Each structure stands twice: as C-alpha cells, then as structure tokens.
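Read the structure below first, then the notes.
The values are calculated or read from the model by the stated rules, or taken from the named source; none is laboratory data. Please read all numbers here as calculations on a predicted model, not as lab measurements. Positions of Cβ are generated from backbone atoms using ideal geometry, with glycine treated the same way; all protein chains shown enter the neighbour counts. With ligands, DNA and RNA removed, areas are computed over all heavy atoms of the protein, side chains included. Shrake-Rupley method; radii C 1.70, N 1.55, O 1.52, S 1.80 Å.
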Amino acid sequence: MSTPAVALSGARLAYGDRVLWAGLDLEIAPGEFVAVLGPNGSGKTSLMRVLLGLQRLSAGTVRVAGSPPGRGNRHIGYIPQQRALDPTVAVRGRDLVGFGYDGHTWGLGLRGIGERRRRVDAALAAVGATAYAERPVGLLSGGEQQRLRVAQALVGDPSVLLCDEPLLSLDLAHQRAVSELIDGHRRANDSAVLFVTHEINPVLPLVDRVLYLVDGKFRIGSPDEVMTTETLSELYGTEVAVVRVRGQIHVVGTHSELCEDTAHHGTTPLPGATAHHGAAGHHGVTGHHLADH
Ligand code: ADP
C-alpha cells in the first residue's frame, strides 16, 4: 500500500460551538479525484485550509503525503478561489508561475536558475499561456488569469492538488480546458485531486468519490452512492430530488417546499446542480433555502 495522499482521521473542525464537520475519516489515494460539494458555509474552504496547514483541526489528525500539513509543503499545489486581479497588478504571468516554483526551493544556484526557467516555461506551455506570459497579469482576462493560477499550482509537480472552485466564472470552453489540465497532471503524476465545486457536472467523468458536506454532516462515496434522492434528502434533512438528464446530475427542490424562503435568498442552485428549469416535471428550481445556510 502506498502512503495516502491525504489522511484525515476523526477530524473535527469547529469555530466556537459551531461544528463544521466532525468524525471525518477520509483517506485519499494517489491519483484519486475527490469532489467536495456542499452549500455555502459548510466548511469546504476550511477543509482546504486544514490541508494547507493554515487551520488547525479541533480534534483528530491530518496527514498530507504522510506528513503533518505545514506552510510551503512541497507536495501540495493549490488553486485558490478565483478573484479577478486588480488591473494595476504589474506582475507578469511568468513571475506568478515562478513564485509557485520558488515556494519549493531555497537559494537557486546557477543550475537552479536554468532548471527554474525550464520548469516555468513547461508549465506555461502546458496551460497554453506562453503567448501572454510576459504581460502584466492585471490586464489579462479572467480565463487567462485562471490558466496562470493552474500553472502556478502545477509547476512544482505536486502530489496533492487542492482546487477551490477553479471553474467559477469561466466559460464552458475554459471550464473544459482547466478541468483537462488538472486531470492531465493527475494522470501524468499520479496526483490526488481535491476539487471544491458547486457544479459537479463539468468534472463528473473525472470524479472517483464525492465528499458532500451539509450543516455539520457529510457523506463520502462514489457519485452513484452519494448523488441520490435518498442520500441527499437525508443529508439536507428535507426532500430534494436528484435527477439525471443525459448523463448530468441535477439536484432540485420543488417550489412548494422552498418558496417561503425565496424572498430572502439569491438564486444559487444546490451544489451539484445546474439551474435547470423544468427537469422531470419540476417547474422552477429553487435551491435557495438549502444552498445558503
Ligand atoms: P464554504 O467554503 O463551504 O463556503 P467555509 O469553510 O468558507 O465554507 O466557512 C464555513 C463557515 O465557517 C462559515 O460560516 C464561515 O463564516 C466560518 N468561518 C470560516 N473561517 C472562520 C474563522 N477563522 N473563524 C470563525 N468562523 C470561520
């Protein structure tokens, strides 16, 4: 048995008396792709922070590639939640990717400088960013900036890749391109991927297991095990329907169950859902109540 890429045992995270999750046992094997789903505030980003060593568990243990997590862990690549960079950010794309490499090395000798350039060039080429690598990142489009973030995360050949909503606000073509880059790296390096997402469908063919967090509870299993009407209704504590349409998974709550809350909430669909009107006789998808605890 190889060392698990990630091992959480009896893991609990609470802020004050608010328990985000408890009793979490999860071993992720090298090369495994785990999607992390759950409504806003269910603790998905906090889980990433635990694995990065930025947040201590309240109880239990965590290992990343066999070691306790810590800053600068060279086994970890991290794609943070996307925020558009300020147009005045003058750092070049090439530099941004270089920082990802430098995080893993100290004091480059002459040979190190050549190796750094080769690795940065390769990472830029892998994400198709060579053409704009010399431009200030603040002036690039959201999709271009996101490709650079992926290159920055991959340049150190991490064995664990943590991705926090990496497809958010990308168009379909870029969603596909970024998913393929992450998957290509996983296959080439046998890296484990933890992929936080509101929308499972763009990565569904890649997903080995789902960790679905809701309000202090969770389920872990294959998409077929977790993404069912029965399991998610139990998890949410209210009736939701999981509908499969042309190979895609849609999680819906009906209007009548949820409409009393619609005045207070936005129109975020349930995690794992697409806004999909009229699916299987449900008119109007209202995930508001559930999506925004
Ligand atoms: P998600 O990524 O699923 O939206 P987060 O992990 O960002 O959830 O946050 C989970 C909950 O924990 C949120 O309600 C958030 O406000 C709270 N939270 C996050 N970090 C802290 C902190 N350092 N101290 C107290 N509460 C926090």
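Tabulated data for the structure shown
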| item | result |
| --- | --- |
| Boolean, Gly60 is modelled with pLDDT of 95 or more and more than 16 Å from the ligand (Cβ to nearest atom) | yes |
| Residues of region 169-212 satisfying the condition of being of a type in the set (A, V, I, L, M, F, W, C) and more than 13 Å from Val34 (Cα to Cα) | Leu170, Leu172, Ala173, Ala177, Val178, Leu181, Ala188 |
| Residues satisfying the stated conditions in region 1-39, i.e. within 9 Å of the ligand (Cβ to nearest atom) and open to solvent by 60 Å² or more (accessible area, probe 1.4 Å) | Tyr15, Gly16, Arg18 |
